[in-house]
Amino acid sequence: MDHKHFIIHKPYGYLCQFVCELKSKKLLGEFYDFPAGTMSIGRLDEDSEGLLLLTTDGKMSEFIRSKKIEKEYYAQVDGLITDEAIARLQEGVEIVHRSETYQTLPCKAFKVETVPDFPQRRRKIRDDRHGPTSWVSITVREGKFRQVRKMTATVGFPTLRLVRVRIGDMQLGNLDAGEVREVESFVVGD
């Protein structure tokens, strides 16, 4: 069987699925006529945006979701993130996952000095009068439910906007929100 592979810039407000009982939810099928059996590789929650890989190949999905592949996120956080908070993120922090305390693995994290040039969201993040925000890059090899959001909150800087910019060697680049591209294969490294 010839498998099909796709990359998409998942916009804010969409679920990473093709069916849902709730009629009010926005689904990925609105963007492209995907073949039967297409699945998202990993998830981005409804409030998150960015690079999402889709495939009809279950083995490829399993490999990319493994701890072998890095996933990089840009998080806009409430306040001006400190060097101490960055250091804590790099070391790993305790979060709650499925009602249990979980210690995240050490990760790569750094301040993003230049505000990323992401498309404006339909829904405004917040008003400037509520104080400054800053951006941080966080690269993990694991993917617990809402992990990056929980990590930034743990170090005192709640996430206001979260955008996945890279999976392995695959980059979000200049893909527009909602844009889908079919690709021959995924270049993810190991």
* Asked: Can you find a residue in segment 67-77 that is out of contact with any Ser or Thr (no Cβ under 6 Å at 6 or more places or on another chain) and at positive phi?
  -> no
* Structure fact -> Going through segment 116-134 in order, the residues found to be part of a loop (DSSP other than H, G, I, E, B) and charged (D, E, K, R) are 117, 121, 122, 123, 124, 126, 127
* For residue 143, state whether it is assigned to a loop (DSSP other than H, G, I, E, B), modelled with pLDDT under 95 and out of contact with any Leu (no Cβ under 9 Å at 6 or more places or on another chain). => yes
* Of all residues in segment 117-150, which are free of Cβ contacts under 8 Å to residues at least 40 places away in the same chain and either open to solvent by less than 10 Å² (accessible area, probe 1.4 Å) or among the basic types (Lys, Arg) (or both)? -> 124, 126, 129
* **Conditions (1) over 12 Å from residue 89 (Cβ atoms); (2) in contact with a helix residue (DSSP H, G or I) (Cβ under 8 Å, 6 or more places away or on another chain); number of the one not met by residue 131** => (2)
* Identify, from the list 33, 45, the residue that is assigned to a loop (DSSP other than H, G, I, E, B), open to solvent by 50 Å² or more (accessible area, probe 1.4 Å) and more than 16 Å from residue 168 (Cα to Cα). => 33
* To do: Kindly list, by first and then second residue, each pair from a residue in segment 167-182 that is touching a residue at least 24 places away in the same chain (Cβ under 8 Å) and within 12 Å of residue 53 (Cβ to Cβ) to a residue that is open to solvent by 60 Å² or more (accessible area, probe 1.4 Å) and not in a loop (DSSP other than H, G, I, E, B), limited to pairs with Cβ atoms under 6 Å and residues at least 6 apart or on different chains.
  => none
* Find the residue count for segment 66-113, including only residues that are of a type in the set (A, V, I, L, M), open to solvent by 30 Å² or more (accessible area, probe 1.4 Å) and assigned to a loop (DSSP other than H, G, I, E, B). => 2
* Asked: Do you know which residues across segment 151-183 are open to solvent by less than 20 Å² (accessible area, probe 1.4 Å), in contact with a strand residue (DSSP E or B) (Cβ under 7 Å, 6 or more places away or on another chain) and of a type in the set (Gly, Ala, Ser)?
  -> 178
* To do: Answer yes if at least one residue in segment 77-92 is among the hydrophobic types (A, V, I, L, M, F, W, C), within 17 Å of residue 161 (Cβ to Cβ) and touching an Asp or Glu at 6+ places or on another chain (Cβ under 8 Å), and no otherwise.
  => no
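The values are calculated or read from the model by the stated rules, or taken from the named source; none is laboratory data. Source: prediction; values computed, not measured. Cβ sites come from the backbone with ideal geometry, for glycine too, and all protein chains shown count toward neighbours. All accessible areas refer to the heavy atoms of the entire protein, side chains included, with ligands and DNA or RNA removed. Shrake-Rupley method; radii C 1.70, N 1.55, O 1.52, S 1.80 Å.
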